[in-house]
Amino acid sequence: MVSTEENFANLLRNHHLKVTNARLEVLAVIAGYGAAVSQPVLEKLIGTGIDRVTLYRILNTFEEKGILHKVIDLNGTANYAMCSTACTEHQHHDEHIHFNCTNCHKVYCMHSYILPNVDAPEGFNIQSLNLSVNGICKNCNNE
Ligand SMILES: [Zn+2]
Ligand SMILES: [Zn+2]
Ligand SMILES: [Zn+2]
C-alpha cells in the first residue's frame, strides 16, 4: 500500500516541485482538515515546525502550481483547499461552488457543482468568478 506521504510526494513531483518536509506537512494538514483552511489556522495546526514566511511561500507556490486554490470566507479571510487533479500550473480547472457555514465560518468545496461559463461583454475581462452558498455545515448541525 502506498502511504499518504508517498502520495503527497508524488503530487509535488507531478507539479515539478522539490519534495521537502515542510511542503509534505502542509499538504498533510490541509488534506486532513476536511474544509478549506486559513493561514492563521494552519499556523496553529502546524505549530512551530514551519515559520510564518516559509508557510506563506509554500501556500503561494501551491496556488501558483495548481495544488491549492484560494477561497474567501464570510470574514473575508483567504482559505486554501486542495485542488482536483485536473489543475495544472496557471490553469485551475476546479471552478466549483463553495459552501460557507454561517456558524463556524468554515468553507467547504462542493466539487459536484461547477461554475457556469460566463462570457464577458465586449471590452470586459473576467479575472475571477465566485459563487457560494451559505448555511449550516454538517459538523455544526451535529453539535
Ligand atoms: Zn485548482
Ligand atoms: Zn459549521
Ligand atoms: Zn474549492
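No value in this document is a laboratory result; all are computed from the given coordinates. Given the structure is predicted, the values throughout are model-derived calculations rather than measurements. Heads up, the Cβs are rebuilt from the backbone with ideal geometry, glycines too, and the neighbour counts pull from every protein chain shown.
Stretched out fully, how many nm does the piece from PHE124 to VAL29 gain, at 0.36 nm a residue minus the Cα gap? Mind showing how you got there, number by number?
Details: separation 95, 0.36 × 95 = 34.20 nm, distance 3.86 nm.
Difference between extended and current length: 30.3 nm.
Remark: spin-label model distance ALA78-GLU95 equals 2.1 nm, labels positioned 7 Å along the Cα→Cβ axis.
Only lysines eight or more places from LYS106 in sequence, or on another chain, were considered; those with a Cα closer than 23 Å are LYS44, LYS70, LYS138.
A Gaussian network model of the chain, with springs between Cα atoms under 10 Å, assigns the largest mean-square fluctuation among LEU24, LEU11, LEU129 to LEU129. Ranked for footprinting exposure by Cβ neighbours inside 10 Å, fewest first, GLU25, GLU122, GLU64, GLU43 give GLU122, GLU64, GLU43, GLU25.
Across PHE124, PHE99, PHE62, mean-square fluctuation computed from a Gaussian network of the chain (C-alpha pairs under 10 Å connected) peaks at PHE124. Dividing the alpha-carbon radius of gyration of the chain by the rule-of-thumb value 2.2 N^0.38 Å gives 1.10.
Expressed to the nearest 5 percent, the antiparallel share of DSSP beta bridges inside the chain is 80 percent. Taking the chain as a Gaussian network of alpha-carbon nodes connected by springs under 10 Å, the highest mean-square fluctuation of the residues VAL107, VAL26, VAL133 belongs to VAL133. The distance between label points at TYR56 and ASN142 comes to 3.6 nm (points 7 Å beyond Cα on the Cα→Cβ vector).
List the trypsin sites (Lys or Arg not before Pro) in the range 1-89 that DSSP assigns to loop (not H, G, I, E or B) and whose Cβ has at most 13 other Cβ atoms within 10 Å. Which are they?
Details: sites: ARG13, LYS18, ARG23, LYS44, ARG52, ARG57, LYS65, LYS70; in loops: LYS18.
Sparse-neighbourhood loop trypsin sites (Lys or Arg not before Pro): LYS18.
Among ASP51, ASP119, ASP73, rank each residue by its count of other Cβ atoms within 10 Å, from fewest to most, as a rough exposure measure. All intermediate terms of the calculation are to be shown ahead of the outcome.
On the way: ASP51 12, ASP119 8, ASP73 18.
In order of increasing Cβ crowding within 10 Å: ASP119, ASP51, ASP73.
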